[in-house]
Each structure stands twice: as structure tokens, then as C-alpha cells.
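A.B. asks: Before I ask anything, let me first share the structure, which is written out below as C-alpha cells.
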Amino acid sequence: MKVRADVAELLRAGLTNRAIEQQLHIDHRTVSKARRALRIPNCRPRRKATPSLEELFWQRTARTSDDHLEWTGYRSDSGMPGLRHGGRFHSAYRVAFSIRHGRAPEGKVTSECSHDGCVDPGHVADRRTRKRDNDAFDAIFGGLP
Ligand SMILES: [Zn+2]
């Protein structure tokens, strides 16, 4: 098959079939046949980079006037604040914990401040950090009777 030089040039430059069709005002079959003849694989349109779980988290929160963090995003049927990322649901509390501590939480993550439902990364704790805080309290006050 004879391939038009201008089509070949744009194919080799990495343009999509659609871009070439529009630029040269030619039929899409002409472009796809030329691509096959030249054995140039289809190019995928570039996608915007997927935002990270952390970026999605911050986009769905609002700082309160008393310096807590409220969740403005999705809630599950049971009222759990969270978001979908990578094909699964992530609780906002667990994401907040990972942001602050750089590791996956152990056990349940709870909000430890006075603001109900606060998702501030500095205000949430997992089982290990709660135990550490309790042990520190006991070390100072000798435990409660
Ligand atoms: Zn808080």
C-alpha cells in the first residue's frame, strides 16, 4: 500500500489518528490503513496524572475556625467519611492517620479530639498510638485505681 508522505510523517511524529484526520482533513480509514501499513502502534492519548490518595483527601476537607478538620466528601451508607481510590474505599480517618504517621494504621482509627468527626491527621489515633498515650498517662499518674 502506498502511504501519503504527510500522513506517514504525522504518524511517525506520534499523533493520534483523530489528530491526523483533523489536521489533513482526510478520512479516518486512510489514517488507520496507513498506520497498519507502516506498523505504527496506536498511540494512547495522554491522561492527566491520577491524583494521589492524599491529594484527594485534602480536596475533601475544610478547616474549622477552631482548627479542626471537617470532612466535606462522600460518606458511606453507615456514615463513614471516605473516598474511592484505586478501585477501593478508604476511610478518611485511616487516610488521615497514614498522612501523619507514614504507615498503615493498626486496628480502628478514631478521632481523639473534642470535635466530633474530626479528620485532622494530627487528631486521629490507631490502636498502637492510643496504647502509647495510655501508657504515658499511666507512667505519669501511676494508673487509675
Ligand atoms: Zn480535631
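The values are calculated or read from the model by the stated rules, or taken from the named source; none is laboratory data. Keep in mind the model is a prediction, meaning the values are calculated, not measured. Glycine also receives a Cβ, built like all others from the backbone with ideal geometry; neighbour counts cover every protein chain displayed.
A.B. asks: Which residue is nearest to the ligand (Cβ to nearest atom), if the candidates are limited to the stretch 106-145 and must be assigned to a loop (DSSP other than H, G, I, E, B) and among the charged types (D, E, K, R)?
C.D. replies: If we take residues in the stretch 106-145 being assigned to a loop (DSSP other than H, G, I, E, B) and among the charged types (D, E, K, R), then 120 is nearest to the ligand (Cβ to nearest atom).
A.B. asks: Which residues, counting only those in the stretch 98-145, are over 20 Å from residue 69 (Cβ atoms) and among the β-branched types (Val, Ile, Thr)?
C.D. replies: Residue satisfying the conditions is 140 alone.
A.B. asks: Scanning for something away from the ligand (no atom under 15 Å from the Cβ) and under 13 Å from the mean Cα position of the chain (by Cα), does the stretch 31-49 turn up at least one residue?
C.D. replies: yes
A.B. asks: Are any of the residues in the stretch 111-119 in contact with a Leu (Cβ under 8 Å, 6 or more places away or on another chain) and surrounded by fewer than 13 Cβ atoms within 10 Å (Cβ to Cβ)?
C.D. replies: No, there is no match, as no residue in the stretch 111-119 is in contact with a Leu (Cβ under 8 Å, 6 or more places away or on another chain) and surrounded by fewer than 13 Cβ atoms within 10 Å (Cβ to Cβ).
A.B. asks: Test residue 90 against the stated conditions and say whether it is farther than 30 Å from residue 12 by Cβ, free of Cβ contacts under 8 Å to residues at least 40 places away in the same chain and either among the small types (Gly, Ala, Ser) or surrounded by 11 or more Cβ atoms within 10 Å (Cβ to Cβ) (or both).
C.D. replies: The answer is yes for residue 90.
A.B. asks: Let me ask another. For the stretch 95-104, name all the residues that are more than 15 Å from residue 58 (Cβ to Cβ) and in a helix (DSSP H, G or I).
C.D. replies: Within the stretch 95-104, 101 is the sole residue that qualifies.
A.B. asks: Residue pairs, Cβ under 8 Å, 6 or more apart or interchain, first in the stretch 56-79 and on the phi > 0 side of the Ramachandran plot and within 12 Å of the ligand (Cβ to nearest atom), second assigned to a loop (DSSP other than H, G, I, E, B) and modelled with pLDDT under 95. List them.
C.D. replies: none
A.B. asks: Moving on. Do we have residue 96 as small (Gly, Ala, Ser), within 16 Å of the ligand (Cβ to nearest atom) and surrounded by 10 or more Cβ atoms within 10 Å (Cβ to Cβ) here?
C.D. replies: Taking the combined requirement at face value, the residue satisfies it.
A.B. asks: Considering only residues that are within 30 Å of residue 71 (Cα to Cα) and assigned to a helix (DSSP H, G or I), which ones fall in the stretch 1-55?
C.D. replies: Once the filter is applied, which keeps residues that are within 30 Å of residue 71 (Cα to Cα) and assigned to a helix (DSSP H, G or I), the stretch 1-55 yields 53, 54, 55.
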